[in-house]
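Notes for the one structure printed next.
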Amino acid sequence: MAHGSVGTREDVTPISRFQTNDDAVVSINEDGLVTSAGPGDTHIVAFYDNGITPVPVMLPISPKTAKKYPKVATSTKVDEFIVTKLKKLGVVPSEICSDEEFLRRVSLDITATLPSAEEVEKFLASKSPNKRAEKVDELLQRGVRP
């Protein structure tokens with residue numbers, strides 16, 4: 001519905017456009033009818049004249065939401081935001097991975113390379129309680145390789 005400055009209202013659906021950001025979650029037809037296609041999280045975007053309105057759409061992937069969601073520790077504000085979203089989606093985070101898995105994953109994610117054997121040995125031998133954060137900082141300083 002479009003609301004005019006003099007109190008008028010008009011159904012502008014026939015002259016609006018609609019799209020979804022993820023067809024695997026919802027589909028939307030040219031009349032604006034939204035149909036769930038599966039669990040997940042996306043947005044539907046409605047376009048009319050020079051206006052654009054995104055509408056969030058979420059269907060949990062499991063029944064583990066709200067009060068059924070387990071307690072998950074968060075150490076940063078970013079972690080809190082992520083867990084809040086996961087709680088709405090019914091996604092329970094995996095357990096903390098091993099140091100070996102962490103080093104492989106973080107190295108690939110940040111530098112697009114695997115760690116050297118020497119780097120693995122040094123990381124695994126470290127007794128620093130902050131060795132994961134320190135490794136992230138070190139890899140960020142190294143930069144991404146093409």
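The values are calculated or read from the model by the stated rules, or taken from the named source; none is laboratory data. Here the structure is a predicted model, which is why all the values come from computation and not from measurement. Cβ sites come from the backbone with ideal geometry, for glycine too, and all protein chains shown count toward neighbours.
Within the bounds of segment 124-135, is there any residue that is hydrophobic (A, V, I, L, M, F, W, C), part of a helix (DSSP H, G or I) and surrounded by 13 or more Cβ atoms within 10 Å (Cβ to Cβ)? Within segment 124-135 (the criterion being hydrophobic (A, V, I, L, M, F, W, C), part of a helix (DSSP H, G or I) and surrounded by 13 or more Cβ atoms within 10 Å (Cβ to Cβ)), the answer is no, since none of the residues qualifies. For Ala112, state whether it is under 22 Å from the mean Cα position of the chain (by Cα), at pLDDT below 95 and more than 30 Å from Gly4 (Cβ to Cβ). Yes; evaluated as a whole, the condition is true for this residue. Within the option set Asn130, Asn50, being assigned by TED's automatic domain parsing to the domain that holds Asn21 and of a type outside the set (Lys, Arg) holds for one residue only, Asn50.
In a residue-by-residue description of segment 21-35, the property of being exposed (fewer than 11 other Cβ atoms within 10 Å of the Cβ) and touching a helix residue (DSSP H, G or I) at 6+ places or on another chain (Cβ under 7 Å) applies to at least one position.
Evaluation of Pro60 against the conditions (1) surrounded by 14 or more Cβ atoms within 10 Å (Cβ to Cβ); (2) in contact with a Ser or Thr (Cβ under 7 Å, 6 or more places away or on another chain) shows that the sole unmet condition is (2).
Summed over segment 81-118, residues that are loosely packed, with under 14 Cβ neighbours inside 10 Å, part of a helix (DSSP H, G or I) and of a type in the set (Asp, Glu) total 4.
Looking at this structure, is Gly40 in contact (Cβ under 8 Å) with a residue 40 or more places away in the chain and either more than 30 Å from Lys87 (Cβ to Cβ) or not assigned by TED's automatic domain parsing to the domain that holds Leu89 (or both)? Here the answer is yes, as Gly40 does meet what is asked.
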